[in-house]
Amino acid sequence: MRTSIESADVPTSRRDVLLRAGLAFGMLATSACQLPGSRPPPREFRVTAKTTFEALPRVDWSLVVARPEASPAIDTTRIAVVRTGLEIEYYADARWVDRPAAMLQPMLVQSFRNSGAITVVGDDRATFRPDFVLNTDLVAFQAQQREAQPPAVRVAIAASMIQMPRRNVVGATEIGRTVEATAGDLIAITAAFDDALGKVVKRLVEWTLTTGQQALTS
């Protein structure tokens, strides 16, 4: 099954303007019918937290996961696909439930909690004073189109570990994984996104706990 791809620079057509106007009217009506010829809403996809880990050091310090940074080209609810090294397009009729950076932060926090190796962890709205802050930058989050094959999904995160309160950088890394989709349809492609991101997050959790523990014992 082939998925539809649209360019990032395609101008809005008169039909799309009319479609959005029709959908807005339908949302206001209490019993509106779908307009003839209108398209169904985009399919929405999400990513999931990691639940299984190898042996991890148990730590008694606290961690805040700062809001991740990301390039605007990939930090969008549209699902990015690269056909060439310079051009980013997006799958039509599909989107993430939230921007990738916004999805990543709670996913990281929950993954740390699921590890069972750290008790006190939260996002940057936490009320406790952390011993460490984890800064992250989502540097890759896109499918890569390949000739006569399903896409390969690339996910990469750059991270730095900050020891508080002096804000000393005690470690920095970049972790990336590429996962080939099992098919060319959106279900398989978004599953590859989830798999690749999960592998990166698993390694990031391990690196963070080890780096923090080494900083305190060195």
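Read the figures in this text as sums done on the coordinates, not as results from a lab. Owing to the predicted nature of the structure, the values given are computational and were not obtained by experimental measurement. In this analysis, Cβ positions are derived from the backbone assuming ideal geometry, glycine residues included, and neighbour counts consider all displayed protein chains.
What is the sum of charges, Lys and Arg at +1 and Asp and Glu at -1, for the other residues whose Cβ falls under 14 Å from the Cβ of residue 144? Residues close to residue 144 contribute a combined charge of 0. Computed extension gain for residue 98 through residue 217, at 0.36 nm per residue and net of the alpha carbon distance, reaches 39.0 nm. Computed from point charges on the beta carbon alone (+1 for Lys and Arg, -1 for Asp and Glu), the dipole magnitude for the stretch 46-217 about its Cα centre is near 420 Debye. The simple Förster model, with R0 at 22 Å and r as the Cβ-Cβ distance, assigns residue 73 and residue 180 a FRET efficiency of 0.50. Only the Cβ atoms of Lys and Arg (+1) and of Asp and Glu (-1) were treated as charged; on that basis the dipole of the stretch 119-218 about its Cα centre amounts to roughly 360 debye.
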